[in-house]
Amino acid sequence: MTILDTEQLAYVAHVRELAADHLLPLVVKGVEGRVNRPLLAAMGEYGLLRDLFGGSPDAPPKAAAALQLCLLRETIAGVSAEAETALALQGLGSYPILQSGHPETVDRWIPGVVKGSAVAGFALTEPQAGSDAAGLELRADRDGEGWRLTGEKIWISNAPEADIYTVFARTTQGAGAHGVTAFAVAGASGGLSGEHLDLLSPHPIGRLVFDGVRVEAGDVLGEVDSGFRVAMRTLDLFRPSVGAFAVGMARSALDVTLDHVVSREAYGGTLADQQAVGHKLADLATQLEAARLLVYRAARAYDSGAPRSEITRTAAMAKLFATEAAQMIVDQCVQLHGARALQRGHLLEHLYRDVRAPRIYEGASEVQRSIIARELFKGRNPE
Ligand code: COS
């Protein structure tokens, strides 16, 4: 039994070919740490951004298909982590608009996102509110029919270059998770500024400063004071796909290492002749397969409309296991290569830097463990 059906396998082969032929050359031409607009336009042209949202290619996008998102991310990650990140950031930033925006807001932004001409960002984290997302403080003060946003966001996707941000702001003081509202905020809004941040892996991430940025009533995503749910529902969809990104990177690390050990000569044979090497690779391949299965399992729970607790738990398990396993796999692949993997420009040197962040963003491993533990204890009463 294969894990994927024939149609899915054909889709994966198609995406891999598109990524290698059309995306990789544009990644090479891009500037590290900056939004690569030609790359996004190509993803739009080849329908990959459209695929982020599932459904049929001819219908307007309306819902996400988690498994398709995972297959996209895993496959593109196997070709280029930068291209994968560009695709994922676009999806994360725009999904709350698609999911919870007014029809006019959806019409205004989603066609451009799907074309790759409108760049999206997801703005939840603040300098004083990371894992404890409900502690966010960016203020939304009433201003007539609308609001004015004042405060700061940090580690924001595609900032400060995005055309549209999903911004989570505090509309009710002292209400924790129940006083947060999500807004669609145009990147060109007056009073919005920001800067790029230089990270270990070269992705477009930045800081945003809101100085009385005006938003209208129609820019609210979902209900006022219910924005925390909008954030969490988005993360339920994207967390398994972060696991898929990690699986894609780990798979490329393992592939290049298998090629290496069967050809590298040492002690009168190849590295593959060493039992310690074979056993190590057997363990890595098993971890990788387990990670893939958990990712697909979580995505299928989402797509089949499983109960929310199951979606949340399996998403957390998939992200936790896959990102931790991928880090370990890439690290061990570096070890099996020796010093050549440390040289700048080696695929493993690149993956070693890229694989680190997914254990932190979209909920650190510790957050995922807390979510899983909470689900385990739910409904159990003291004896
Ligand atoms: N789907 C829908 N609603 C959800 C939800 C989900 N997955 N998770 C929580 N909610 C709702 C809850 O139901 C609750 O509302 P009710 O009290 O009306 O039921 C509300 O949101 C608050 O939820 P909760 O009590 O779980 O809030 P916490 O402050 O305890 O949240 C975690 C804790 C750790 C889950 C949350 O802060 C989190 O995910 N942190 C990580 C943030 C993150 O991923 N940041 C990275 C951003 S992207 S780079």
What number of residues in segment 129-160 are farther than 19 Å from Glu223 by Cβ, touching a Gly at 6+ places or on another chain (Cβ under 7 Å) and assigned to a loop (DSSP other than H, G, I, E, B)?
4
Selection count, segment 334-353, where residues are buried (at least 17 other Cβ atoms within 10 Å of the Cβ) and in contact with a Phe, Trp or Tyr (Cβ under 9 Å, 6 or more places away or on another chain)
2
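Every residue, every condition in (1) more than 10 Å from the ligand (Cβ to nearest atom); (2) within 23 Å of the chain's Cα centre (by Cα); (3) closer than 30 Å to His279 by Cα; (4) assigned to a helix (DSSP H, G or I), yes or no:
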{"site": "Asp331", "(1), (2), (3), (4)": "yes, yes, yes, yes"}
{"site": "His337", "(1), (2), (3), (4)": "yes, no, yes, yes"}
{"site": "Arg340", "(1), (2), (3), (4)": "yes, no, yes, yes"}
{"site": "Arg344", "(1), (2), (3), (4)": "yes, no, yes, no"}
{"site": "Leu351", "(1), (2), (3), (4)": "yes, yes, yes, yes"}
{"site": "Gly363", "(1), (2), (3), (4)": "no, yes, no, no"}
{"site": "Leu376", "(1), (2), (3), (4)": "yes, no, no, yes"}
{"site": "Gly379", "(1), (2), (3), (4)": "yes, no, no, no"}
{"site": "Glu383", "(1), (2), (3), (4)": "yes, no, no, no"}
Quick check on my filter: what residues within segment 204-227 are under 18 Å from the mean Cα position of the chain (by Cα) and in a helix (DSSP H, G or I)?
none
Here are Gly144, Gly121, Gly151, Gly135: which of them is among the small types (Gly, Ala, Ser) and out of contact with any strand residue (DSSP E or B) (no Cβ under 6 Å at 6 or more places or on another chain)?
Gly144
Quick test of your reading of the structure: Trp109 fulfils all but one of (1) under 30 Å from Ser80 (Cα atoms); (2) at pLDDT 95 or above; (3) part of a loop (DSSP other than H, G, I, E, B). Name the failing condition by number.
(3)
Return the residue satisfying two criteria in turn: it lies in segment 161-215 and is of a type in the set (S, T, N, Q) and farther than 15 Å from Thr150 by Cβ, and of such residues it is nearest to the ligand (Cβ to nearest atom).
Thr166
Only residues that are free of Cβ contacts under 8 Å to residues at least 40 places away in the same chain, closer than 14 Å to Gly179 by Cα and either buried (at least 16 other Cβ atoms within 10 Å of the Cβ) or among the basic types (Lys, Arg) (or both): list them for segment 122-156, please.
Arg139, Arg142
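For segment 131-151, state whether one or more residues are closer than 30 Å to Gly47 by Cβ and either touching a Phe, Trp or Tyr at 6+ places or on another chain (Cβ under 8 Å) or within 15 Å of the ligand (Cβ to nearest atom) (or both). Don't jump to the end; show me each part of the working.
Going through segment 131-151, the residues closer than 30 Å to Gly47 by Cβ turn out to be none.
No.
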On the given criteria, is Ala322 buried (at least 20 other Cβ atoms within 10 Å of the Cβ), within 16 Å of the ligand (Cβ to nearest atom) and in a helix (DSSP H, G or I)?
yes
Given (1) assigned to a helix (DSSP H, G or I); (2) under 11 Å from the mean Cα position of the chain (by Cα); (3) within 16 Å of the ligand (Cβ to nearest atom), identify the lone condition not met by Cys70.
(3)
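The values are calculated or read from the model by the stated rules, or taken from the named source; none is laboratory data. Since the model is a prediction, treat every value here as computed from it, not as a measurement. FYI the Cβ positions are ideal-geometry reconstructions off the backbone, even for glycines, and counts take in every protein chain you see.
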